Amino acid sequence: MNYHWNWNVFFQTIPSGDETYLAWIIHGLGWTVSISLAAWVIALVLGSVMGTLRTVPNTGLRLIGHAWVEFFRNVPLLMQLFIWFFVVPEMLPRDWGMWVKQDMPAKEFITAFVALGLFTSARVAEQVRAGIQALPRGQRNAGLAIGFTQAQTYRYVILPMAFRIIIPPLTSEFMNAFKNSGVAYTVGVWELIFVSRQMVEETGGQVIESLIVPTVLYILCAYAANQLMAVIDRRAHVPGFIVAK
Amino acid sequence: MFSTLDFSVIPLALPAIFKGLAFSLELTLIAMIGGVILGTLLALARLSGGKWLGRAAKFYVDIMRSIPLLMMILWFFFLIPLLTGQPIGQEKSAIITFTLFQAAFYSEIMRAGIQSIPRGQVNAALAIGMTYWQSMGHVILPQAFRNMVPVLLTQTFVLFQDTSLVYAIGATDLLKAAENAGMLYGRTVEMYLFVSLIYFAICFALSMLVKYMNKRIAIIR
């Protein structure tokens with residue numbers, strides 16, 4: 001293999017401005033982290049609600065939770081992103097659609113994290129449901145027996161337990177949010193994959209340098225996410241309860 | 001709103017869409033079969049007790065699992081021509097990437113499957129004079145595989161959805177075919193809607209199959 005290493009490529013300026021490639025990659029990392037974290041907030045909130053709904057006694061509510069999960073789990077993330085980006089604006093009333101297409105600020109970024117957030121929410125919902133169902137039936141009954149309403153039983157008995165035992169599977173979903181965030185490049189967010197592809201094209205063959213730095217940054221992101229969750233798990237761990245993944 | 005949609009282009013685009021779908025399914029199938037075989041070997045290497053062999057297999061699995069698939073697709077696409085000196089095309093590159101990538105995930109499943117079989121069975125097989133490979137091939141792996149069928153299928157469900165990521169290197173899968181047809185007829189919205197329905201139908205059917213298998217296959221211990 002005849003490969004000419006050139007690590008100085010990172011200090012060259014990009015053709016379309018006076019930034020260096022290194023600065024561009026740092027910006028890319030910023031977008032990757034922003035998309036992943038914003039998506040994770042959406043996924044955690046909606047996933048918790050929908051996962052909980054799947055376990056309540058009310059059939060209608062259970063159905064909503066179920067439909068949500070099936071809807072967002074059975075279509076590939078990239079397809080969902082295209083639906084949000086290209087299809088939904090056409091479905092809105094005319095004025096809104098025009099606004100979304102022309103005037104909406106940071107629409108690529110917002111569409112990307114919303115799409116990733118909703119996709120991830122279905123997976124979080126499944127973990128939340130598994131966590132709730134893994135609790136002994138007696139806990140719910142005990143809550144109801146001491147006079148809690150259904151909602152109070154969830155708030156004070158079931159959910160505090162369920163969340164504490166699903167931290168390990170949630171950790172891998174959190175890491176997946178980082179790993180999946182790369183799809184945002186397809187709608188034009190300048191995150192790590194975008195920068196990496198652009199660098200491969202522009203630097204004329206510095207393929208390995210252009211790919212390896214973003215790759216290492218992805219691994220570091222996933223590792224940081226993992227460590228953060230490990231700290232939470234250590235503090236919230238319930239002895240004796242393990243949810244199989 | 002919906003009144004401006006024109007679904008009459010779908011019949012025209014069907015042949016191209018089917019071709020894309022065929023590639024998505026082909027990629028899924030090859031990566032599944034290749035991934036399960038390679039993954040089983042990786043799992044055996046990890047459980048072999050050989051220090052270096054086990055470490056090498058663990059390293060491979062850890063690397064594959066910590067790098068985003070999208071990044072992996074780019075790596076293989078740009079790296080294979082560097083190593084071999086000639087481009088191999090998007091489709092072949094995708095097949096190689098997916099097989100090697102999925103092998104890491106299938107290997108973790110097979111490892112769990114093999115570990116679900118009591119150790120006594122290995123000892124029993126060896127005691128009646130079977131070699132290591134005979135004991136694996138006739139006693140352990142068939143049971144491990146059977147126990148893990150639902151989980152292997154769940155992984156294949158993920159794999160099928162992930163095939164859409166070959167978009168990154170321009171291979172013509174179902175999603176790319178929809179985009180091409182949409183541009184050709186100026187009906188991107190209709191094409192995306194139609195193809196997401198196809199994805200949904202296939203994935204929904206697969207997830208039903210997993211549920212059914214989960215009920216049918218009780219883990220033998």
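Every number here is computed from the coordinates shown, using simple stated rules; none is lab data. Quantities reported herein were computed from a predicted structural model and do not represent experimental measurements. Note that we place each Cβ from the backbone using ideal geometry, even for glycine, and neighbour counts take in every protein chain shown.
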Problem set entry | Of all residues making up the stretch B:75-102, the number that are farther than 23 Å from residue B:37 by Cα, of a type outside the set (A, V, I, L, M, F, W, C) and surrounded by fewer than 17 Cβ atoms within 10 Å (Cβ to Cβ) | 6
Exercise. For residue A:56, all conditions in the list (1) farther than 30 Å from residue B:174 by Cβ; (2) of a type outside the set (Asp, Glu); (3) free of Cβ contacts under 8 Å to residues at least 40 places away in the same chain hold save one; what is the number of the exception?
Worked result: (3)
Problem set entry | the stretch A:94-112, subset of a type in the set (Gly, Ala, Ser) and assigned to a helix (DSSP H, G or I), residue farthest from residue A:178 (Cα to Cα) | A:97
Exercise. Quick check: anything in the stretch B:133-141 in a helix (DSSP H, G or I), within 11 Å of chain A (Cβ to nearest Cβ), of a type outside the set (Lys, Arg) and surrounded by fewer than 19 Cβ atoms within 10 Å (Cβ to Cβ)?
Worked result: no
Problem set entry | Top-ranked residue in the stretch A:192-245 [being basic (Lys, Arg) and part of a helix (DSSP H, G or I); ranked as farthest from the other protein chains (Cβ to nearest Cβ)] | A:235
Problem set entry | Answer from B:130, B:213, B:191 - the residue that is over 19 Å from residue A:87 (Cβ atoms) and assigned to a helix (DSSP H, G or I) | B:213
Seminar exercise, completed: Going through the stretch A:17-32 in order, the residues found to be surrounded by fewer than 19 Cβ atoms within 10 Å (Cβ to Cβ) and out of contact with any Asp or Glu (no Cβ under 9 Å at 6 or more places or on another chain) are A:17, A:18, A:19, A:20, A:22, A:23, A:26
Exercise. With respect to the numbered conditions (1) within 14 Å of another protein chain (Cβ to nearest Cβ); (2) surrounded by 15 or more Cβ atoms within 10 Å (Cβ to Cβ); (3) farther than 15 Å from residue B:101 by Cβ, which one is the sole condition not fulfilled by residue B:4?
Worked result: (2)
Exercise. Applying the selection to the stretch A:133-156, what residues are assigned to a helix (DSSP H, G or I) and within 18 Å of residue A:237 (Cβ to Cβ)?
Worked result: A:134, A:139
For this session: Answer yes or no as to whether residue B:156 is within 19 Å of residue B:23 (Cβ to Cβ), β-branched (Val, Ile, Thr) and either in contact with a Pro (Cβ under 9 Å, 6 or more places away or on another chain) or away from every other protein chain (no Cβ under 12 Å) (or both).
Result: yes
Problem set entry | Matching residues in the stretch A:4-34 - criterion: being touching a residue at least 60 places away in the same chain (Cβ under 8 Å) and either within 31 Å of the chain's Cα centre (by Cα) or within 15 Å of residue A:182 (Cβ to Cβ) (or both) | A:10, A:14, A:21, A:24, A:25, A:27, A:28, A:29, A:31, A:32, A:33, A:34
